[in-house]
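The values are calculated or read from the model by the stated rules, or taken from the named source; none is laboratory data. Remember, predicted model here, so these are calculated numbers, not experimental data. Glycine also receives a Cβ, built like all others from the backbone with ideal geometry; neighbour counts cover every protein chain displayed. For accessibility, only protein heavy atoms count, side chains too; no ligands or nucleic acids. Shrake-Rupley method; radii C 1.70, N 1.55, O 1.52, S 1.80 Å.
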Amino acid sequence: VCIHRVRSCSGIRFIKSKYVCVFDKSALKFSHQQRLFRTSAVSCGQIVQFKLSDIGEGITEVTVKEWYIKEGDSVSQFDSICEVQSDKASVTITSRYDGIIRKLHYNLDEIAYVGKPLVDIEIDASKGVSPEEDVVETPPMSHEEHTHQEIKGHKTLATPAVRRLAMENNIKLSEVVGTGKDNRILKEDILNYLAKQTGAILPPSPKAEIIPPLPKSETVPAAPKDRARKIPVPASRPIVFSGKDKTEPVTGFHKAMVKTMSAALKIPHFGYCDEIDLTQLVQLREELKPVAQVRGVKLSFMPFFIKAASLGLLQYPILNASLDESCQNVTYKASHNIGVAMDTEQGLIVPNVKNVQVCSVFEIASELNRLQSLGSAGQLGTNDLTGGTFTLSNIGTIGGTYAKPVILPPEVAIGALGKIQVLPRFNGKGEVFKAQIMNVSWSADHRIIDGATMARFSNLWKSYLENPASMLLDLK
Amino acid sequence: MVLQSSLKNCLHLSCILRTPKAGFRSTTSGSLIIQSISNDVYQNLAVEDWIHDHMNLENRQVLFLWRNSPAVVIGRHQNPWQECNLRLLRQKNIKLARRRSGGGTVYHDLGNINLTFFTCRKKYERMENLKLVVKALKALCPQLDVHVTDRYDILLDRHYKISGTAAKLGRTNAYHHCTLLCNADKFVLSSALKSPYKGLKSNATPSVPASVKNLFEEDPSLTCEMLLDAIAEEYATQHQIDHHITLIDPADETVLPGINNKTKELQTWEWVYGKTPKFSVSTCFNMVYKDSVLDIKVDMDVKHGRIEVCNIDLPEQWLPPALSSELVKSLTGSKFCPNETTTLATTLLRVCPQDEELQNRWNVLCENMVTLM
């Protein structure tokens, strides 16, 4: 006990001398009072009025444009509180204290006055923050903007907010790799460390304003903050992950997809899959690619798949039909408006190529180019996105072999194309050769389409693609 | 004279040298002039954020020079629908960015130069910066009649605005940036900054329109490079540093760690559109359908860029009530965005009655709604 007291005394003396360097005598009185305050038992926090500090250029009033916090939120020192605007200048007001927001003195778009209270913050008294705050600028080097932490004799740089996050998660700062300036440990570094520990994929870090700005001066040796708690050295305890679930409403396009997919699943689907040997088509496309390029069109495999599908639909028009809601009537659609599933930032959208039955492969390729560039720019129109009668989904460009595609109402069939793989196959002579194999997975509405029809359509489509020359016979 | 050198070296230098260079007594010694090699508005705005958040500006200041390929830049608290012709921007592939500083909307292209003066918060002083620019301009071109107004604009011939200003203040740092029209496309500028959207009501900061002129029109020999050089030279003189411009690459993570995340954030829909202060749209439009013209009244409240409340007044029975209420319900909560509305409406059509007439009406209505966005 004796030794302990001596140590704490010397600790106090150390801090006192530090304060003498930094504050003037009046501030010293406060710190003295602070210590007395700390030793007595305090149960409730004190409410501090955080006043709007000087903006500069003689400005006395500003407009509150955005609150980053609301009443009841807890804030750390340097967290952003609000954004105010004055005459073309946008100012981020940050908190001077750790605590809980108890009152916002202004609503949005109200005028706030320099020197008047902006928010009330309830401060945990044991943290020993001086209740009197500066209305004018903070004195230079008053609050140390960061603290050195000596762990195993190795100085680690981190802001108080970052240290708190580490402590909450039982992380040793010495084990975290800092990516900030001078290997400073940032909030992101703690989160990355946690992700590696738990194997979790973390959501992107919160907006820049919320993250406390990095400490600037790195060579000021500041005394460690006089807090009772230290970073505990974890035994072999599992890391506590303090990430929170994020719930958001399903809106807009996604809400529409929920409706569509729910309706789609009411359709009794049956699946039919097969393997296509595209060796000849691959070669044909290689020959035709430069020809199309000269005409300004990028030629992929899709135009061939689409045209072959249309030729097949001519023989099996039931696959290009629509069943009415009461299942009383089947409408055979005259136009082959073949939809192409497209993956965009928003999600899955399906523009369609109109009247494939009267288009050449080149025309289809050209139209696909147009739809693709509009799709990636987010500028597809209603005409491009409606009126589809049959859909192909080239999921193979992302990956995968077999799929179980979902029919898009009011259509009755859909095909999913896997990726093209080079695989060994036997030819007619029993020899092994290199084949370009792609898998196709069809789904069809079993209320009006039977397995045999789907199989025959698939075989016809397959034969056109395996022997592209045969397409010539049936082209109109 | 522009010498290429790595910013990384300069930053490291700042850590080592705690005392001013021998011979310099000014407190602003160690100041830096940097220029971006990129013309991407998002990358360049990200550099501003990075310097503001990460650099120690207590004993030095930084001048950042940058130019952008065609873009419209709105202020932090502005409403893009009020400020510019979004349809035209999309058509002409002109980017839209929201900066973090306040102020009004500007049009950038390669004929416009941007200057950012970084200081610590205490040394934030816009007038001085603008006077520096005017001094540089007069040194380059003595007959120019340019002066700074008390609204922090720079006017040419007492009448034409050639520069607009905005600023951002943080806890320890601050920056003041301004544009300077050298040889920008005035035609695209005026059409891009003219909003066609009617019936908007909001508390967003409005822009103050002004007649503009290019410096090039006064003196055809002027180029952006000359202006940048003249301003850099004046800055170097006033800050007593070498006239040495450091080039930086805003995509280089080794020099600017974390910069790519900042760039990405500036491009998100949530930042560009979602940060728009709450506003309402109250308008009527004439919808042409087959041989008739119908009067449609629309009322919407938009918050965080999303439709909070939606009301569409259609002629009775033009669409079955179930359908029109389905449309309104789906639009509520959805982004106030043409692409979102189009994909939402066309997807919903799949589960609507497959009546051609009905579907045509639905499509026409949705296309008209999209024109409001």
Quick check: is even one residue across the stretch B:177-187 aromatic (Phe, Trp, Tyr) and under 19 Å from the mean Cα position of the chain (by Cα)?
yes
Given the conditions (1) assigned by the TED database to the domain that holds B:GLY199; (2) surrounded by 17 or more Cβ atoms within 10 Å (Cβ to Cβ), every one holds for B:THR268 apart from (2)
Scope the stretch A:430-476; condition in a helix (DSSP H, G or I) and farther than 30 Å from A:LYS266 by Cα; matching residues:
A:SER463, A:TYR464, A:LEU465, A:GLU466, A:PRO468, A:ALA469, A:SER470, A:MET471, A:LEU472, A:LEU473, A:ASP474
Give me a count of the residues in the stretch A:254-273 that are assigned to a helix (DSSP H, G or I) and either open to solvent by 60 Å² or more (accessible area, probe 1.4 Å) or away from chain B (no Cβ under 12 Å) (or both).
5
If you scan the stretch B:241-260, which residues turn out to be buried (at least 17 other Cβ atoms within 10 Å of the Cβ) and away from chain A (no Cβ under 14 Å)?
B:ILE241, B:ILE245, B:THR246, B:ILE248, B:ASP249, B:PRO250
One residue is enough: does the stretch A:239-247 have a residue meeting the conditions under 25 Å from B:GLU356 (Cα atoms), within 33 Å of the chain's Cα centre (by Cα) and not aliphatic (A, V, I, L, M)?
no
Output for the stretch A:65-91, where each listed residue is among the β-branched types (Val, Ile, Thr) and crowded, with 22+ Cβ neighbours inside 10 Å
A:VAL75, A:ILE81, A:VAL84, A:VAL91
Any residue in the stretch A:358-369 that's within 16 Å of A:LEU472 (Cβ to Cβ): show its pairings with residues that are aromatic (Phe, Trp, Tyr) and in a helix (DSSP H, G or I) at Cβ separation under 7 Å, as long as the two are six or more apart or on different chains.
A:VAL361/A:PHE304
Report, by residue number, each residue of the stretch B:50-98 that is surrounded by fewer than 21 Cβ atoms within 10 Å (Cβ to Cβ) and among the acidic types (Asp, Glu).
B:ASP53, B:GLU58
With respect to B:GLU316, determine if the residue is open to solvent by 70 Å² or more (accessible area, probe 1.4 Å), at pLDDT below 90 and of a type in the set (Asp, Glu).
yes
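Please find, among B:SER207, B:SER211, the residue that is of a type in the set (Gly, Ala, Ser) and more than 18 Å from B:ARG99 (Cα to Cα).
Only one candidate qualifies: B:SER211.
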Is it true that some residue in the stretch B:329-343 is exposed (fewer than 15 other Cβ atoms within 10 Å of the Cβ) and in contact (Cβ under 8 Å) with a residue 24 or more places away in the chain?
no
Matching residues in the stretch A:53-87 (assigned to a loop (DSSP other than H, G, I, E, B) and either among the aromatic types (Phe, Trp, Tyr) or away from every other protein chain (no Cβ under 12 Å) (or both)) number 9
Just to verify a result, which residue in the stretch A:317-370, among those that are in a helix (DSSP H, G or I) and either within 11 Å of another protein chain (Cβ to nearest Cβ) or of a type in the set (Val, Ile, Thr) (or both), is most open to solvent (accessible area, probe 1.4 Å)?
A:VAL358
Taking the condition hydroxyl-bearing (Ser, Thr, Tyr) and open to solvent by 20 Å² or more (accessible area, probe 1.4 Å), does A:THR279 pass?
yes
In this structure, does B:ILE113 turn out to be over 11 Å from the mean Cα position of the chain (by Cα), more than 12 Å from every other protein chain (Cβ to nearest Cβ) and touching a residue at least 60 places away in the same chain (Cβ under 8 Å)?
yes
Extreme residue, surrounded by the most Cβ atoms within 10 Å (Cβ to Cβ), among residues of the stretch A:371-419 that are within 23 Å of A:HIS336 (Cα to Cα) and of a type in the set (Ser, Thr, Tyr)
A:THR389
List every residue pair whose Cβ atoms lie under 9 Å apart, where the two residues are 6 or more positions apart in sequence or sit on different chains, the first residue falls within the stretch A:371-384 and is facing another protein chain (nearest Cβ under 8 Å), and the second residue, located anywhere, is in a helix (DSSP H, G or I) and of a type in the set (Phe, Trp, Tyr).
A:THR382/B:TRP362
Would you call B:LYS201 within 14 Å of chain A (Cβ to nearest Cβ), at pLDDT below 95 and either outside any loop (DSSP other than H, G, I, E, B) or touching a Cys at 6+ places or on another chain (Cβ under 7 Å) (or both)?
yes
Which of the numbered conditions does B:GLN238 fail, given that it passes all the others? Conditions: (1) open to solvent by less than 50 Å² (accessible area, probe 1.4 Å); (2) of a type outside the set (Ser, Thr, Tyr); (3) within 28 Å of B:ASP53 (Cα to Cα).
(1)
